[in-house]
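Here's the structure, in structure tokens; my notes come after.
Please treat every number below as a calculation from the coordinates, not as lab data. Keep in mind that this is a model prediction, so the values were computed, not measured. So basically every Cβ, Gly included, is an ideal-geometry build from the backbone, and we count neighbours across all protein chains shown.
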Amino acid sequence: MKKVVFSTLALVFAMFLFSSCGGNVEKDIVGKWKIETADLSNIDELVAEIAESFGLSDADIEEMKKEMKDGMYDEFVGQTIEFVEDHTVISPDSEGEWSYDSEKNAIVIKEGDMSYQLLVDKLSGDKFEGTMVVSDSGMDFKVVMTMSRQ
């Protein structure tokens, strides 16, 4: 089960790697960004839900947490995302469209049938901090990301 959860999470991230900003988000976000950190902030909550559903042991729970954290780092840290002025977004694995939702203070990414939001937590110069919430199979994956402009 933990491989299914991690695979789902990895697939979701492969589809949306992105970023966001403060002042004039429409202008400030344009450029190429490198993911410096990506942390699954609600990992304890997610693993507890999985453990309850599947009766995992304490050792299995700790192993799942480590695998998810390590996998997040290995898959995403170091990847780049480019926000083009024409509202195209390009990541290593896909291409889509981006827009800014000022009411939610979020960058919205659309790739095919899928759509994701990255909440703008902080943008200053060449640094960006954001929180992505991805819903899948009744669970919300919350990923706190930091990026630097390339």
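Those strands (runs of 3 or more DSSP E) of region 68-150 in which at least 1 residues are touching a residue at least 12 places away in the same chain (Cβ under 8 Å) and more than 21 Å from GLY31 (Cβ to Cβ), considering only elements entirely within it, cover 114-124, 127-136, 139-149. Condition first: in contact with a Ser or Thr (Cβ under 9 Å, 6 or more places away or on another chain) and of a type in the set (S, T, N, Q). Can you find one or more residues in region 55-64 that meet it? No. Taken over region 44-60, the residue count meeting the criterion of being buried (at least 17 other Cβ atoms within 10 Å of the Cβ) and touching a residue at least 60 places away in the same chain (Cβ under 8 Å) is 1. Whether any residue in region 113-133 is surrounded by fewer than 20 Cβ atoms within 10 Å (Cβ to Cβ), under 14 Å from the mean Cα position of the chain (by Cα), farther than 21 Å from GLY78 by Cα and charged (D, E, K, R) is what I want to check. Within region 113-133, none of the residues are surrounded by fewer than 20 Cβ atoms within 10 Å (Cβ to Cβ), under 14 Å from the mean Cα position of the chain (by Cα), farther than 21 Å from GLY78 by Cα and charged (D, E, K, R).
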